[in-house]
Amino acid sequence: MNLMQRFALPPDEIYRRSFEMVDALLPSGTWSPEERQVVRRIVHATGDPQLATSVRFKPEAIDVGVAALRQGTSIFTDTHMVAAGIHRPWSDALGCSIHVLIAQEGLEVAAQSARMTRAAAAVIKALPNLGSTVVVIGNAPTALLALLDALAAGRCDPPTLIIGMPVGFIATSESKDALWERPYPAIIVEGTRGGSPVAAATMNALLALAQQQIETDMG
């Protein structure tokens, strides 16, 4: 018997069993039903049940985020990796376009002249477009810092929701702590952990919740 015969399962079976295992690992009564949907997708995407205890939700974050997605708001991601992890059939069905901040032209020159990262320069260049959108930052803490500085200075309208999940060791925890201290609807992963799979999984959970609400409303 080869390895595929011993261990592999049909795709639907893998998906079902994986979420059964995640649900068995997560404690009950810790999150609202909607928050639990986000947490279980993060754990499923990372294979790390311990990450669940680091996820934090502002009280209104899921409600305002899902409502915006139901209205077809734009989604801005910091990198291609985050955008690649978002389930396009769900975002397309809701009419939510996906934009990658780092894909904008001219960032290298802007970053060098301002002595900042390309991720931060990308946020600054896109400021006029970020109001009332969902901003998903899954890699660069400097992107989150630049966004928060711009908001504090009144240089752009606030996004409807900020998913702040950069990963790394330099300014990562600080950027997420700063987001948490501010009044904007937000979902974060505390500490140094985060990354593209975590941010994309969070976005996918919100898209799924929006779809479920629409289906329920339709009866």
- Message: Residues that are touching a Ser or Thr at 6+ places or on another chain (Cβ under 9 Å), modelled with pLDDT of 90 or more, of a type in the set (Val, Ile, Thr) and closer than 20 Å to Val189 by Cα: does region 13-30 have at least one?
- Response: no
- Out of Asp63, Asp92, sole residue that is part of a helix (DSSP H, G or I), touching a Pro at 6+ places or on another chain (Cβ under 9 Å) and surrounded by fewer than 18 Cβ atoms within 10 Å (Cβ to Cβ): Asp63
- Task: Working carefully through the options Pro197, Pro158, find the one that is in contact with a Phe, Trp or Tyr (Cβ under 6 Å, 6 or more places away or on another chain), surrounded by fewer than 22 Cβ atoms within 10 Å (Cβ to Cβ) and at pLDDT 95 or above.
- Result: Pro158
- Pair list, Cβ under 9 Å, 6 or more apart: region 29-51 residue on the phi < 0 side of the Ramachandran plot, other residue part of a loop (DSSP other than H, G, I, E, B) and of a type in the set (Val, Ile, Thr): Arg36/Thr30; Val39/Thr30
- Inter-residue pairs, beta-carbon under 8 Å, first more than 26 Å from Cys96 (Cα to Cα) and in contact (Cβ under 8 Å) with a residue 40 or more places away in the chain and in region 157-182, second of a type in the set (Val, Ile, Thr) and assigned to a strand (DSSP E or B), 6+ apart: none
- Query: Right, Arg56: surrounded by 18 or more Cβ atoms within 10 Å (Cβ to Cβ), of a type in the set (D, E, K, R) and touching a helix residue (DSSP H, G or I) at 6+ places or on another chain (Cβ under 9 Å) or not?
  - Reply: no
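Sort out which residues of region 80-111 are β-branched (Val, Ile, Thr) and out of contact with any Gly (no Cβ under 7 Å at 6 or more places or on another chain), and write them in order of number. Break it down into steps so the answer makes sense when it comes.
In the first step, residues of region 80-111 are kept if they are β-branched (Val, Ile, Thr); the result is 82, 86, 98, 100, 102, 109.
Answer for region 80-111, where residues must be β-branched (Val, Ile, Thr) and out of contact with any Gly (no Cβ under 7 Å at 6 or more places or on another chain): Ile86, Ile98, Val100, Ile102, Val109.
Here's the yes/no breakdown for (1) in contact with a strand residue (DSSP E or B) (Cβ under 8 Å, 6 or more places away or on another chain); (2) among the polar types (S, T, N, Q):
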| site | (1), (2) |
| --- | --- |
| His87 | no, no |
| Asp92 | no, no |
| Ser97 | yes, yes |
| Leu101 | yes, no |
| Leu107 | no, no |
| Ala110 | no, no |
| Arg115 | no, no |
| Val123 | no, no |
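The values are calculated or read from the model by the stated rules, or taken from the named source; none is laboratory data. All values derive from a computational prediction rather than experimental measurement. Cβ coordinates were reconstructed from backbone atoms using ideal geometry, including for glycine residues, and neighbour counts include every protein chain displayed.
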